[in-house]
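First up is the structure itself, then whatever we jot down about it.
The values are calculated or read from the model by the stated rules, or taken from the named source; none is laboratory data. Quick caveat: nothing in here was measured; it's all calculated off a predicted structure. All Cβ positions, glycine included, derive from the backbone under ideal geometry; neighbour counts span all protein chains shown. Calculation scope for accessible area: heavy atoms of the full protein, side chains included, ligands and nucleic acids excluded. Shrake-Rupley method; radii C 1.70, N 1.55, O 1.52, S 1.80 Å.
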Amino acid sequence: MLRPLATLTLFALAACNGPPAPQEAGVCWRAHADAGGKVSFAPLARDVGTLENCAVLLEALRLQGQSEANGAYQGYFLFVGADAMTSALHTGGVRYPIFQPPQRRVIDRDIRRLMAERGGKMPDPGDFTLEHQ
């Protein structure tokens, strides 16, 4: 049984972490912040197999000129900027790298090639696979 103080502490921690990321299976979400800083999510792609594939789609947005292309995938927040691609359970939580710099260079090269072949059009989830070595 939780004590009242422990219960209040849990509620306070939950409030600090903010709302959870969208959790719909297989949907890669793009984050949009309004002028007041309130974040909403819109589906970027459906039938996305992994968090890593969602991160690649968000990276493609960034390569098309977005300074940041943050989003979410199955309960995780994804942060994609010029310096890193990371994920976290909460917006203020610890961010874990999705790809290391050498991996990201290869991914960026391949995304640029794929978009050039498609006349600048962003790739679809089925246009690529990630190989784990």
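A few notes on this one:
- Residue count for the range 61-73, restricted to those that are at pLDDT below 95 and surrounded by 22 or more Cβ atoms within 10 Å (Cβ to Cβ): 1
- A single entry from 42, 21 fulfils the requirement of being in contact (Cβ under 8 Å) with a residue 12 or more places away in the chain, open to solvent by 30 Å² or more (accessible area, probe 1.4 Å) and in contact with a His (Cβ under 9 Å, 6 or more places away or on another chain): 42.
- For the range 74-83, a residue qualifies if it is at pLDDT below 95 and either of a type in the set (Gly, Ala, Ser) or in contact with a Lys or Arg (Cβ under 9 Å, 6 or more places away or on another chain) (or both), and the qualifying residues are 81, 82.
A quick yes/no check of all residues on (1) assigned to a strand (DSSP E or B); (2) under 11 Å from the mean Cα position of the chain (by Cα); (3) not charged (D, E, K, R):
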{"site": "57", "(1), (2), (3)": "no, yes, yes"}
{"site": "68", "(1), (2), (3)": "no, yes, no"}
{"site": "78", "(1), (2), (3)": "yes, yes, yes"}
{"site": "82", "(1), (2), (3)": "no, no, yes"}
{"site": "102", "(1), (2), (3)": "no, no, yes"}
{"site": "105", "(1), (2), (3)": "no, no, no"}
{"site": "114", "(1), (2), (3)": "no, no, yes"}
{"site": "120", "(1), (2), (3)": "no, no, yes"}
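Table: residues versus (1) of a type outside the set (D, E, K, R); (2) over 16 Å from residue 20 (Cβ atoms).
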| position | (1), (2) |
| --- | --- |
| 35 | yes, yes |
| 52 | no, yes |
| 70 | yes, no |
| 88 | yes, no |
| 91 | yes, no |
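- Applying the criterion of being modelled with pLDDT under 90 and surrounded by fewer than 12 Cβ atoms within 10 Å (Cβ to Cβ) to the residues of the range 93-131, the residue that is nearest to residue 66 (Cα to Cα) is 120.
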